[in-house]
Amino acid sequence: MDDLYDEFGNFIGEAESDDDASSTGQAADAYVLGDDAEESEAGANDQQLMEIDDDGPSNAVILHEDKQYYPSASDVYGPDVEVLVQEEDTQLLTQPIIDPVIQKKFTIQEADLPPVRFSRDFLADLMNFPEQIRNVAIAGHLHHGKTAFMDMLVLETHDVQDQLEKKRGKKRDEQLRYTDVHVLERERGLSIKAAPMSLVLQSTKGKSHLFNMIDTPGHVNFVDEVAASVRLADGVVLVVDVVEGVQINTEQVIKHAVLEGLPMVLVVNKMDRLILELKLPPGDAYFKIKHVIEEVNKVIEDTLPGQGEKRRLSPEKGNVAFACSSMRWCFTLQSFAKMYADSYPGVNVEDFAIRLWGDIFFNPRSRKFTRRPKEDGAKRTFVNFVLEPIYKLYSHTLSESPKDLKATLAKLNIHLKPSQYKTDAKELLRLVCEQFFGPANGFVDMIVKHIPSPAEGAKRMLERYYTGPLESKTAASMGSCNQDGPLVIHVTKLFNSSDAKTFNAFGRVLSGTAKPVQSVRVLGEGYTLEDEEDMVVATVTDTWIAESRYNIPTDGIPAGNWVLLGGVDNSIVKSATLVAQKLPDEEDAYIFRPVKHLFESVFKVAVEPINPSELPKMLDGLRKINKSYPLVTTKVEESGEHVVLGTGELYMDCVLHDLRRLYADMELKVSDPVTRFCETVVETSAIKCYALTPNKKNKLTMVAEPLDPGIAEDIESGAVNIKDPVRKVGKFFEDNYGYDLLASRNIWAFGPDDMGPNILQNDTLPSDVDQKLLRAVRDTIRQGFSWATREGPLCEEPIRNAKFRVMDVNLAPEAIFRGGGQIIPTARRACYSSFLMASPRLMEPVYSCSMIGPADAVASLYTVLARRRGHVLQDGPIAGTPLYSVKGLLPVIDSFGFETDLRIHTQGQATLSLVFDRWSIVPGDPLDRDIKLRPLEPASAQATARDFVLKTRRRKGLAEDVTISKFLEPELFRSLKETGIL
Ligand SMILES: Nc1nc2c(ncn2[C@@H]2O[C@H](COP(=O)(O)OP(=O)(O)OP(=O)(O)O)[C@@H](O)[C@H]2O)c(=O)[nH]1
Ligand SMILES: [Mg+2]
């Protein structure tokens with residue numbers, strides 16, 4: 001037994017050979033392979049006689065470092081496999097090796113197509129009949145009930161209420177908000193994005209119509225959504241809260257519709273507030289309604305004087321409806337008259353309807369209509385036949401016991417289930433109203449009658465927005481909604497998918513049929529026949545009917561309808577025109593003009609990723625933001641800052657939310673908001689400024705002067721279109737301003753068009769300057785001008801309302817010495833120096849601010865405005881209500897936080913809208929070096945411009961001050977210094 005252990009007591013086993021000594025090593029060497037193993041194998045062969053196992057122990061001594069305890073990778077995988085060994089984890093512990101699948105969901109979507117009360121095939125069929133289709137946009141001021149109005153129509157056609165209630169255990173009276181699908185819309189309770197739906201609705205005669213409707217947001221910051229939606233529509237449904245009346249965004253919408261030549265109908269909404277909130281007697285309620293309609297008509301008349309009569313909205317014309325969208329009823333005089341006719345067959349609907357509005361009185365005893373009240377108790381027909389019955393219906397339903405109510409309702413032929421009498425008052429009222437008013441057929445009649453069909457509407461669209469010739473076959477096909485014609489689609493909106501990864505393009509098919517898997521040309525906003533760069537070929541992968549919460553896939557959408565397209569969004573940023581690969585007769589493709597906004601993006605923040613490595617992610621996010629918000633612009637400033645420009649505080653809030661959460665999913669550093677500025681001049685240059693090209697062979701002389709305000713306005717309003725040929729523009733000037741626009745003294749350039757109006761004018765004399773030679777450098781001078789006006793000399797902000805006159809030009813005879821490299825920077829310098837010699841001023845954007853609130857809020861507004869360089873323009877009570885309305889002006893730069901400030905001051909009773917109104921000159925001379933600005937002290941009024949310029953320069957990383965000498969020719973500078981001009 002002792003043999004089993006060595007002298008130290010270690011087990012050595014029963015081996016008999018001498019090799020025993022290494023047996024402990026042997027155990028450890030079990031994995032020794034490779035060369036050593038071979039060696040030992042060889043050794044083993046030698047010792048075969050001794051019959052020891054092949055991998056038995058060998059005598060070879062293996063150094064510790066040569067020992068191999070585990071098989072190497074090449075032993076396991078063979079020599080053909082390359083093995084890489086990672087010594088350290090590159091992936092953080094916190095990061096899972098396999099990412100869990102995250103389902104991002106930022107919009108509410110139906111899982112399946114919800115049940116509807118019409119057949120979807122029927123809807124698809126209706127699309128083929130343009131006369132039965134109407135494309136309308138619902139627009140109006142904030143919270144005037146547009147989404148609720150859509151809800152009314154959705155509930156009429158969709159069976160979704162029960163389904164929604166079940167799913168979320170929702171309270172019954174909570175608003176459905178079917179078209180508010182974005183997370184923010186639901187959180188904040190206001191619409192942010194336009195939302196389209198196609199519904200089949202019946203007229204009073206029972207005829208079905210296809211209504212393509214788009215619900216637009218009412219907040220003034222989102223007018224861009226309205227403009228983009230309205231572009232695709234043939235008419236606007238203006239929704240106005242009868243209590244608040246015409247508000248600032250109502251005005252904007254009316255103005256927009258009138259200027260774009262869009263037919264409009266009015267829905268006077270929230271009629272219940274007259275009864276339940278203001279508790280107005282029916283006679284007064286009539287005047288309140290009338291007043292609101294008059295307000296609307298006044299804005300129409302003010303927008304285009306002389307057109308008001310033609311476009312007048314009035315109930316007896318049938319283009320005004322009355323509604324309470326929360327109670328889901330809506331009627332017109334015609335549909336109300338029909339309700340009477342249904343009960344009293346002797347009543348002629350049309351005759352009765354026109355007698356239901358205006359100064360027409362009903363004399364109860366003689367039962368006659370008269371222009372003046374003849375009998376005691378004679379009332380206006382609208383009061384007698386419309387308002388009083390509604391008032392009675394409301395008061396009975398809300399005050400009577402179920403038993404009495406049942407009897408009362410029976411007289412009106414309204415029958416409810418016993419359980420329904422037990423629901424709460426609001427629901428009961430809704431059920432009663434539902435039976436009393438029935439579906440919104442009157443609304444359907446109104447739209448069908450007063451808003452043109454897509455075929456008629458297409459003519460307006462072509463005339464106003466199409467850049468191509470109207471005599472072409474393609475245009476003819478668009479004008480007649482020919483679904484067999486060449487495909488043309490005008491896209492103005494992009495909607496993101498619910499995971500926010502991709503976009504679908506929303507537009508109107510003007511000609512042909514949009515079918516999936518079809519290759520099209522996508523023409524961007526910059527596309528022209530001369531410059532085809534902004535064109536890509538893409539494949540339409542899907543064509544859906546958009547229904548906000550769900551999309552109905554189709555195998556084709558014919559002309560006259562709206563379509564949601566998959567697969568084509570890649571090159572589209574704002575709007576686009578999609579055109580078939582081949583047009584008849586090889587006709588050229590033209591675009592529809594970009595959407596025109598009444599507004600400018602002046603609110604600006606700079607964004608930066610917290611983690612610099614996430615920059616590419618942010619850039620991708622910015623690209624998507626640009627697609628999603630029509631008025632957002634993003635750009636990189638000289639300093640390398642990425643700036644985002646939007647319309648206002650709420651807008652920017654939503655944009656940044658979407659950037660952080662939806663599109664980039666990252667944290668961002670956001671700078672304090674600032675505004676854009678503009679630079680302008682107020683006098684004509686004191687001297688003619690010249691600039692020499694770097695090779696000193698050419699000399700340009702220019703003068704800058706303020707642009708005639710009338711011309712500036714005409715350019716801005718689009719009366720003269722800067723994209724038109726110079727000849728056409730010239731004609732406009734001659735007709736309107738008696739301008740001498742001979743070939744020698746002509747206008748060379750406007751623009752650049754996204755900036756303020758500026759003009760470059762050739763004022764050289766043919767006797768002095770060889771015009772032919774001059775023409776050779778015209779384009780390069782123009783480029784220098786456009787560079788200069790894009791970034792002015794004060795703080796690299798755009799120049800606005802300035803006219804640059806080229807007075808004299810000396811050119812090198814050899815073409816080689818007057819290339820772009822010589823002329824462009826020189827033209828820019830000539831613009832700059834003449835600009836600086838013409839009393840330059842800074843301009844800032846100004847909001848018009850309008851507030852509604854109780855009387856005591858008015859004083860607060862005065863105080864808060866005065867503290868922010870603003871002032872009140874007018875104030876007064878809103879007729880028929882306890883509310884006051886105040887209008888004023890407020891510089892955008894001082895508006896940050898104003899809304900919150902005012903809310904705090906007025907305990908949240910006041911609501912405020914801020915709309916970009918104008919550019920105005922900042923007080924003070926921005927070049928005045930005598931002004932001393934002290935840190936942490938507000939600049940005095942006269943130092944404001946100087947303060948802004950210096951701050952902006954510092955932020956942009958420019959030299960501390962504007963140096964005139966940098967732009968002036970040295971000898972000119974010297975002579976000016978000597979004469980004391982500088
Ligand atoms: N009293 C009354 N309130 C209504 C009526 N219609 C809507 N409301 C209320 O008005 C508020 C705004 O309604 P919305 O339908 O969201 O209005 P909107 O015009 O879509 O609002 P935005 O899209 O944010 O501009 C909600 O609180 C509704 O409950 C109505 O007919 N009568
Ligand atoms: Mg809404």
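The values are calculated or read from the model by the stated rules, or taken from the named source; none is laboratory data. None of the values given here were measured: they were computed from a predicted structure. With ideal geometry, Cβ positions are generated from the backbone for all residues, glycine too; neighbour counts draw on all protein chains shown. When the accessible area is computed, the model is the full protein with side chains, heavy atoms only, and any ligands, DNA or RNA have been set aside. Shrake-Rupley method; radii C 1.70, N 1.55, O 1.52, S 1.80 Å.
The table for this structure:
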read-out	value
Whether the chain is rounded, prolate or oblate, judged on the alpha carbon gyration tensor where a/c under 1.5 counts as rounded	oblate
For ARG841, distant residues with modelled amide H under 5 Å away	THR680, VAL681, VAL682
In order through segment 884-895: 3J(HN,Hα) via Karplus (6.51 cos²θ - 1.76 cosθ + 1.60), integer Hz, x for Gly, Pro	10, 10, 10, 10, x, 10, 8, x, 4, 5, 9, 9
Links that overshoot a 26 Å alpha carbon limit, given the list LYS417/LYS449; LYS728/LYS803; LYS596/LYS731; LYS288/LYS403; LYS459/LYS635	LYS417/LYS449; LYS288/LYS403; LYS459/LYS635
Gyration tensor verdict on segment 465-586 (Cα atoms; rounded if a/c is under 1.5, prolate if a/b is larger than b/c, oblate otherwise)	oblate
Percentage relative contact order, segment 603-671, counting C-alpha pairs under 8 Å, at least six apart	48
Cα gyration tensor category, rounded, prolate or oblate, for segment 845-966 with a/c compared to 1.5	prolate
5 angstrom amide H check on VAL243, placed H, neighbours 5+ away	none
GLY485 long-range amide H proximity, modeled H, under 5 Å	GLY512
Carbon plus sulfur fraction of accessible area for the chain, probe 1.4 Å, in percent	51
List ASP159, ASP376, ASP342, ordered by accessible area with a 1.4 Å probe, largest first	ASP376, ASP342, ASP159
With eigenvalues of the C-alpha gyration tensor scaled by 5 and rooted, segment 196-298, Å	26, 20, 12
Highest average packing first - 694-704, 314-324, Cβ atoms within 10 Å	314-324, 694-704
Backbone HN-Hα couplings from phi across segment 945-951 [Karplus 6.51/-1.76/1.60, Hz, Gly and Pro as x]	4, 4, 4, 4, 4, 5, 5
Residues of type aspartates and glutamates that LYS515 reaches as a straight line, Cα spacing below 20 Å, ignoring anything fewer than 8 places off in the same chain	ASP121, ASP125, ASP484, ASP542, GLU547, ASP555, ASP569
Within the chain, helix-based [θ] at 222 nm, where runs of 4 or more DSSP H residues each add -39,500 (n - 2.57), nearest 500	-9500 deg cm²/dmol
Segment 592-620 residues near the modelled VAL636 label - backbone nitrogen below 14 Å, point 7 Å along Cα→Cβ	607-609, 615-620
Cross-link pairs beyond the 23 Å C-alpha cut-off, checked among LYS317/LYS887; LYS669/LYS956; LYS699/LYS966	LYS317/LYS887
Accessible area per residue, Å², the chain with all protein chains present, probe 1.4 Å	47
Rounded to whole Hz, the Karplus (6.51, -1.76, 1.60) HN-Hα couplings of segment 331-337, x for glycine and proline	8, 10, 4, 4, 6, 5, 4
